[in-house]
There are 2 protein chains.
Amino acid sequence: MQSDQVPVSAATVLDALGDGNRRSILERLVAGPLPVGVLADQLPISRPAVSQHLRVLKAADLVVVSVVGTRHLYRINRSGLEAVRDYLDRFWTAALDNFAALAEGEAAQPADPQGSQHRSA
Amino acid sequence: MQSDQVPVSAATVLDALGDGNRRSILERLVAGPLPVGVLADQLPISRPAVSQHLRVLKAADLVVVSVVGTRHLYRINRSGLEAVRDYLDRFWTAALDNFAALAEGEAAQPADPQGSQHRSA
DNA sequence: GTCAACCGTTGGTCTTTGCTTACGCTGATC
DNA sequence: GATCAGCGTAAGCAAAGACCAACGGTTGAC
């Protein structure tokens, strides 16, 4: 019910993508739909653990499931990816604006020795 | 040394973005560069906690710091965002290919009652 | 030189969360 | 109807990590 009308929040998707095993699951699903048991065989965790990760990924609209008999085929979904892309684009454009504003500020008063000398601690 | 030549891995960036407080920090920095103390005042966590989060964000190339006297001004950086965009684009195109391949398969043998009836658990 | 402001780091505590074992349910097969 | 394959869920436990207080270091002001 939450996979079509209401888009998931970017926070939910990023929390889902914040785990290495969940990213591994998605990378396996890139090659094509897979059932839970096959995913568990390809990962160093048990099948219930995979099932729990898939629940998180499904809540984030990153995967969809097709029930075929007793097999649950999971497949990558684009809805979750859209939410992240939009979220990141906000920072992207904002970083551009910040950089432009900073360049203007430095052009206005170019005398800033320390600010322009060291860039990383 | 890691902020320019060698791009950070998408895993590092996604792990960094997997925390709500770190995302809040980035959202504050969208409006412009801020020192650590001001960030801590705007967030429900202490200043050392903010400092630790900033260390993670800096390792992920999501922020850069400009030292001005005793003040450390943090600003959003695009390098980390690029890594995530590239990573997500892999899934994006792969999901498209999967969908195309699946459509071909269904067109080849459209007789699949259960597979097309229930789509979500 | 002295003091204050600002920040990074460390040690320790506690919450979060990821994993496994055990169990129950559904659908296919005979 | 009985049996088996394939999953999801709940409970308990261990590892990860997020948090704070205290400390030390550096810079600027006087």
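Nothing in this text is a laboratory measurement; each read-out follows from the coordinates by a stated rule. Remember, predicted model here, so these are calculated numbers, not experimental data. Positions of Cβ are backbone-derived with ideal geometry, glycine not excepted, and every protein chain shown enters the neighbour counts.
If only one of A:VAL13, A:VAL65, A:VAL50, A:VAL84 is among the hydrophobic types (A, V, I, L, M, F, W, C) and away from DNA strand C (no atom under 16 Å from the Cβ), which one is it? Walk me through how you get there before you give the answer.
On the way: A:VAL13 fails: away from DNA strand C (no atom under 16 Å from the Cβ); A:VAL65 fails: away from DNA strand C (no atom under 16 Å from the Cβ); A:VAL50 fails: away from DNA strand C (no atom under 16 Å from the Cβ).
On inspection, the qualifying residue turns out to be A:VAL84.
Just checking: which of the helices (runs of 4 or more DSSP H) contained wholly in region A:4-97 hold 1 or more residues that are out of contact with any Ser or Thr (no Cβ under 8 Å at 6 or more places or on another chain), free of Cβ contacts under 8 Å to residues at least 24 places away in the same chain and within 12 Å of DNA strand D (Cβ to nearest atom)? Passing ranges, in order: A:20-30, A:36-42, A:47-59. So which residues in region A:59-77 are touching a Phe, Trp or Tyr at 6+ places or on another chain (Cβ under 7 Å) and within 9 Å of another protein chain (Cβ to nearest Cβ)? Across region A:59-77, the qualifying residues are A:VAL65, A:ILE76.
Restricting attention to region A:22-46 and to residues that are within 8 Å of DNA strand C (Cβ to nearest atom) and exposed (fewer than 13 other Cβ atoms within 10 Å of the Cβ), the residue that is nearest to the other protein chains (Cβ to nearest Cβ) turns out to be A:PRO44.
Picking from residues in region B:47-57 that are among the aliphatic types (A, V, I, L, M) and buried (at least 17 other Cβ atoms within 10 Å of the Cβ), the one that is farthest from the other protein chains (Cβ to nearest Cβ) is B:VAL50.
State whether the residues of region A:66-78 include one that is within 30 Å of B:LEU29 (Cβ to Cβ) and either among the basic types (Lys, Arg) or surrounded by 16 or more Cβ atoms within 10 Å (Cβ to Cβ) (or both).
Yes.
Considering region B:79-95, and only residues there that are surrounded by 17 or more Cβ atoms within 10 Å (Cβ to Cβ) and charged (D, E, K, R), the residue that is farthest from the other protein chains (Cβ to nearest Cβ) turns out to be B:GLU82. Being loosely packed, with under 14 Cβ neighbours inside 10 Å and within 14 Å of the chain's Cα centre (by Cα) is a property that does not hold for A:ASP61.
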